[in-house]
């Protein structure tokens, strides 16, 4: 039992609403998104919920603790382990702030606990007993994460309970939450293949599923048939995979309702106790079950099926009542089939389907649930379900698809415009003006950048949902981005935070005096050699070079002498914009080398002026080195419009390299003619599209040969070659060795 004595607020500035801070490592990812979504739905009209990111390991977040005072918040909700938020608990004790912890047991505060151990154990036993799996692989999460270790222990105990011997080679090494593919690749390197060497893959979190699904898909493995895949957390992503993933759902709804009840008791000075909730197994098709299995023996009455559907589709009370009313209307329509009754039924059912589509759940479950309801009804309703309701589901899906496509297109267009506008501002006042201009388009009720880092700031004065994002760069706190969304759209809010954070960083650099802030007074700019920033390959140029590992040193150097080019593997887009603001580097070509390029980086870099992209496949090519020399000597300068289009081709090749495709398909995707596509790419990189593509595929294959024991035939397929003999010939032509000889040499 816990009883709190609340410190009285300063009488001069009473807070008219209850302001609650929700602290999480990442409010925009993982299970935090689901928890926040449910907390937002349950939020009262006279309270504000402020999402605040906190990472103990980053020293810059120590300043965030200064905000945790009674002047700013009435209570804190902590989402995570006690260890990860130890400084938060210490600050709350110092300030006598009420705290509710979720998922971590703290001795001084009431806790909402969920039994993830039993949930993981139950879903593993489901694979063992229902699907007769005896060899189950496990993809572990981070070593230091308490939840990851708890779920791993549950897996081990499930094996022991079922009498299955432990096999250490089926356990991946600990990997970061975003690196599920690395965990699965570790099993491949041991010579273990899904289906033949293990029948199921258990993932410690849904966050690992993206990499696992991707790697299995590339190898043509059918999930649910060839191998079973299990996740944990029931994220929206787990529902959108093909097939949707069997997982464990945390009791988000129950905890979100309970947390406000506990806080109300705390504010009234009443005693409260810890509460614990079970986690539930959510059966989907990735484990080999069918949608019909979801409504099997446990759903033996109409009410049981409807309750099951309400739970699966995350339906609120009024949405569940709407589902039940649909069935009542269907039964009535079966007796009196009039136009009025049909129209009323269709309107209500379409609204019900919209509720269900919003859950992102497998729509096949709706079909199966309706058929199961028909089986359990006294009347013969199956024909009406198939002939009347099923077509309405298809219509609602089509309408939702068109609406979603239009919304995404509009949002991407607005984000692109916003990003361009951010690149043109030079002060915090301009930033604030821009935020106000765009906030309605992003469905924000308010937005501001708070450059102050003081203990008391004005934010979240209005009831509703708020995000207070600490903007941190180079381990330094620049300020806070305050956004007030109409609903919690994590991906949009995270994107806005990244864009605005980069802009704030850019503004700070522009307004920060450099050691050599004066531009050279002479009209003739001194020309220096090539500058290296970071550790790009030295062989990119035979010219003399100067190396810099500190950005401030690089800035000071370019102020003194204009380089012929800058070669780098670590300059960010923001730092490039900083360099472009200096007279000496407005037109200096910058060559960026990375081992691999992501689509997100493509969006960041493709519009930057006088920037040439490079990777290991290009760095080892004479054609590219000749092109680079022409760029440095100014005999073959970059043309911005053509260069931007060539970068689009470059990133399209990176997206497509691991599957065979024709040149016309690539041209069609980019809206270019085949000939123009070839000319653009050759002018930018010194190689034809196919010369580069073959080099990149061979480079990728060499990585697989050197780090895995995969058969050469599978390496060829995973590298985009449809023919193993052709792959071997191409490999020998470009490397001088056969693939097997290369692997032998590495070993």
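Starting from the Cα of residue 221, step 7 Å along the direction of its Cβ; do the same at residue 595; then give the gap between the two resulting points in nm.
It is 2.3 nm.
Hull surface divided by four, with the convex hull built on the Cα atoms of the range 63-153: how many nm²?
Averaged projected hull area, Cα only: 7.4 nm².
Would you kindly state how much longer the chain becomes between residue 729 and residue 131 on full extension, computed as 0.36 nm times their sequence separation minus their alpha carbon distance, in nm to one decimal?
This chain segment gains 210.9 nm when fully extended.
Just report the Cα centroid separation between the range 670-747 and the range 201-235, whole Å.
Their Cα centres are 27 Å away from one another.
How much length, in nm to one decimal, is gained on full extension between residue 274 and residue 714, taken as 0.36 nm per residue of separation minus their Cα-Cα distance?
Stretched out fully, the residue 274 to residue 714 stretch lengthens by 153.1 nm.
Using the C-alpha gyration tensor of the range 629-714, what are the square roots of 5 times its eigenvalues, in whole angstrom, with the largest one first?
27, 17, 9
For the range 361-507, what does the relative contact order come out to in percent, with C-alpha contacts under 8 Å and a separation of six or more?
Once divided by the residue count of the range 361-507, the mean separation gives 19 percent.
Take every Cα pair under 8 Å in the chain that's 6+ residues apart, average their separations, divide by the length, and report that relative contact order as a whole percent.
10 percent
Within a 10 angstrom radius of the beta carbon, how do 132, 562 rank from fewest other beta carbons to most?
If I rank by nearby Cβ atoms, fewest first, I get 132, 562.
How big is the Cα convex hull of the range 332-378 in projection, averaged over all directions, in nm²?
3.7 nm²
Once you order the gyration tensor axes a ≥ b ≥ c over the Cα atoms, which shape class does the range 603-746 get: rounded for a/c under 1.5, otherwise prolate or oblate by comparing a/b with b/c?
Prolate, since a/c reaches 1.5 and a/b exceeds b/c.
Which angle between 0 and 90 degrees, to the nearest 10, do you get for helix 428-438 versus the longest principal axis of the chain when only C-alpha atoms count?
The answer is roughly 50 degrees.
Among 731, 499, rank each residue by its count of other Cβ atoms within 10 Å, from fewest to most, as a rough exposure measure.
Least crowded to most crowded, the residues run 499, 731.
For residue 240 and residue 461, compute 0.36 nm times the residue count separating them, minus their Cα-Cα distance, and round to one decimal in nm.
Gain in length upon complete extension: 75.9 nm.
Take 664, 177 and order them by how many other Cβ atoms sit within 10 Å, fewest up front.
664, 177
So, in Å, what gap is there between the alpha-carbon centers of the range 52-83 and the range 382-396?
When both Cα centres are located, 50 Å separates them.
Roughly how far apart, in whole Å, are the Cα centres of the range 152-199 and the range 249-283?
Measuring centre to centre over Cα atoms gives 33 Å.
Per DSSP H run of at least 4 residues, take -39500 (n - 2.57); add these up for the chain, divide by its residues and hand me the 222 nm value, nearest 500 deg cm²/dmol.
Taking each H run of at least 4 residues, the total per residue is -14500 deg cm²/dmol.
Taking the simple approach of a point 7 Å from Cα along Cα-to-Cβ for both residue 162 and residue 662, what is their distance in nm?
4.7 nm
Over the Cα atoms of the chain, compute the convex hull volume and normalise it per residue, giving Å³.
Residue-normalised Cα hull volume stands at 197 Å³.
If N is the number of residues in the range 115-252, what value comes out of its Cα radius of gyration divided by 2.2 N^0.38 Å?
Here the answer is 0.93, to two decimals.
Kirkwood hydrodynamic radius, the range 299-405, all distinct C-alpha pairs: what's the number in Å?
Value: 13.9 Å, from the Cα pair sum.
Using the Kirkwood formula over every pair of different C-alpha atoms, what hydrodynamic radius in Å results for the range 228-292?
Answer for the range 228-292: a Kirkwood hydrodynamic radius of 13.8 Å.
Read the figures in this text as sums done on the coordinates, not as results from a lab. None of these values were measured; they are calculated from a predicted model. We place every Cβ from the backbone using ideal geometry, glycine too, and count neighbours over all the protein chains shown.
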